[in-house]
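**Q** Quick one: the structure is below, and I'll ask about it shortly.
The values are calculated or read from the model by the stated rules, or taken from the named source; none is laboratory data. Just so it is clear, the model here is predicted, and its values are computed rather than measured. Here the Cβ positions follow ideal geometry from the backbone for every residue, glycine too, while neighbour counts run over all protein chains shown.
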Amino acid sequence: MAELRDGLAEIGKHYDERTPIGEEFRDGQLHMWYWYDREDDATLPQAVHRVTRKVSETLGLRPGERVLDAGCGPGEASLFLARQYGVGVTGVTISNFELERARGRAEEAGLSDLVDFQYGDFMELPFPDGSFDAVLALESLQNAPDLGQVLRELFRVLRPGGRLAFSDFSLGEPGEPSDARRVEQFMTTLKLPVLPTLEEWLGHLRAAGFAVEEFTQCGPRVFGMKGKYLEAAMGQREQVAEKFGEERLAEFSRVHLGFFAPRKDQIGYAIVCARKPR
């Protein structure tokens, strides 16, 4: 248990350090982008917001429902859910920076009555059984020290018939041994304990008791568009450097080099929606 706690503290520190610049590039969001092709003229924040929309739309949210944003980041996705669907959202994060940033965003948006942010470990949530109608997890499950445990915990806090929707990286084509080392670099950079294939993700869900209802593999339009991300980020580089300083931005770039190491087809991106049986 102490080892798991140490791992969570390390993940929290990882996001405390990564989020300030990461969310600056993505306008309050931290997860991946989605571009249809090289000619797609969406901005980086617009491409990132597409993932928020695509994942949340699978939940079929209704006004008044209670939603858990598990690993809420700096809070923009939670605010989108409240605005778009009229739902009450509880966001949890283990990053102190993200918690403060998310609470500030909710207050600025006048949504503090609908959205609540808490410091919390999604492997041991402080909520009674059946507290939520739906759970959203945008690239947060991948950091869980024990994926089975976190899925069982999310299953517990959902009411019977409640839905879970998430997006996460998945393992694509393994390739040659040299390519495997590139995947290792990717996982180390993002602090990923495991990198399941899409089928393995579905297996983990079923083992936790969920009934899988919808899934898609959209890696080519996500990690496969890493070149477009770099172009978009370079277009914002000057303003980000002005805010954070050249030295800090250079360090941010350096520690993320491993993220870009794999071939495009090695890293998939899964969007999955599952339900807790009634």
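**Q** Step by step: first the residues of the range 67-118, then only those that are at pLDDT 95 or above and of a type in the set (Phe, Trp, Tyr), then the one that is nearest to Gly162 (Cα to Cα). Which residue is that?
**A** Only one residue fits best here, namely Tyr85.
**Q** Would you check which residues across the range 122-149 are in contact (Cβ under 8 Å) with a residue 60 or more places away in the chain and closer than 21 Å to Glu10 by Cα and list them?
**A** Hits for the range 122-149 are Met123, Ala137, Leu138, Glu139, Ser140, Leu141, Asn143, Pro145, Asp146, Gly148.
**Q** Give all pairs with beta carbons closer than 6 Å in which a residue from the range 208-227 that is on the phi > 0 side of the Ramachandran plot meets a residue that is of a type outside the set (A, V, I, L, M, F, W, C) and part of a helix (DSSP H, G or I); count only pairs at least 6 apart in sequence or on separate chains.
**A** Close Cβ pairs (under 6 Å, with a partner that is of a type outside the set (A, V, I, L, M, F, W, C) and part of a helix (DSSP H, G or I)) do not exist here.
**Q** What residue, of Arg38, Arg83, is in a loop (DSSP other than H, G, I, E, B), out of contact with any strand residue (DSSP E or B) (no Cβ under 9 Å at 6 or more places or on another chain) and not small (Gly, Ala, Ser)?
**A** When all the criteria are applied, what remains is Arg38.
**Q** Read through the list (1) without any contact (Cβ under 8 Å) to a residue 40 or more places away in the chain; (2) under 19 Å from Leu136 (Cα atoms), then give the number of the only condition that Glu200 fails.
**A** Failing condition for Glu200: (2).
**Q** Among the residues of the range 196-217, what is the count of those that are touching a Phe, Trp or Tyr at 6+ places or on another chain (Cβ under 8 Å) and β-branched (Val, Ile, Thr)?
**A** Within the range 196-217, residues that are touching a Phe, Trp or Tyr at 6+ places or on another chain (Cβ under 8 Å) and β-branched (Val, Ile, Thr) number 0.
**Q** I've got another one for you. Write out, first by first residue and then by second, each pair whose Cβ atoms fall under 6 Å of each other, whose residues are 6+ apart or on separate chains, and whose first residue, in the range 18-40, is without any contact (Cβ under 8 Å) to a residue 60 or more places away in the chain and within 15 Å of Ala233 (Cβ to Cβ) while the second is among the β-branched types (Val, Ile, Thr) and crowded, with 23+ Cβ neighbours inside 10 Å.
**A** From the range 18-40, the pairs are Arg26/Val48; Gln29/Val48.
**Q** Taking Asp168 as the residue in question, decide whether it is under 22 Å from Arg275 (Cβ atoms), surrounded by fewer than 16 Cβ atoms within 10 Å (Cβ to Cβ) and either of a type in the set (Gly, Ala, Ser) or in contact (Cβ under 8 Å) with a residue 24 or more places away in the chain (or both).
**A** It is false that Asp168 is under 22 Å from Arg275 (Cβ atoms), surrounded by fewer than 16 Cβ atoms within 10 Å (Cβ to Cβ) and either of a type in the set (Gly, Ala, Ser) or in contact (Cβ under 8 Å) with a residue 24 or more places away in the chain (or both).
**Q** Now, a different point. Can you tell me which of (1) farther than 20 Å from Arg53 by Cα; (2) in contact with a helix residue (DSSP H, G or I) (Cβ under 9 Å, 6 or more places away or on another chain); (3) hydrophobic (A, V, I, L, M, F, W, C) is the one Leu164 doesn't meet?
**A** Leu164 satisfies every listed condition except (1).
**Q** Let me ask you something else. Is one or more of the residues making up the range 152-162 modelled with pLDDT of 95 or more, among the aromatic types (Phe, Trp, Tyr) and buried (at least 24 other Cβ atoms within 10 Å of the Cβ)?
**A** No, that holds for no residue.
**Q** Hey, does the range 35-47 have a residue that's surrounded by fewer than 22 Cβ atoms within 10 Å (Cβ to Cβ) and in contact with a Phe, Trp or Tyr (Cβ under 7 Å, 6 or more places away or on another chain)?
**A** Among the residues of the range 35-47, at least one is surrounded by fewer than 22 Cβ atoms within 10 Å (Cβ to Cβ) and in contact with a Phe, Trp or Tyr (Cβ under 7 Å, 6 or more places away or on another chain), which makes the answer yes.
**Q** With the requirement that a residue be within 17 Å of Thr188 (Cα to Cα), within 20 Å of the chain's Cα centre (by Cα) and not small (Gly, Ala, Ser), what does the range 230-274 give you?
**A** Result: Phe252, Val255, His256, Leu257, Phe259, Phe260, Pro262, Gln266, Ile267.
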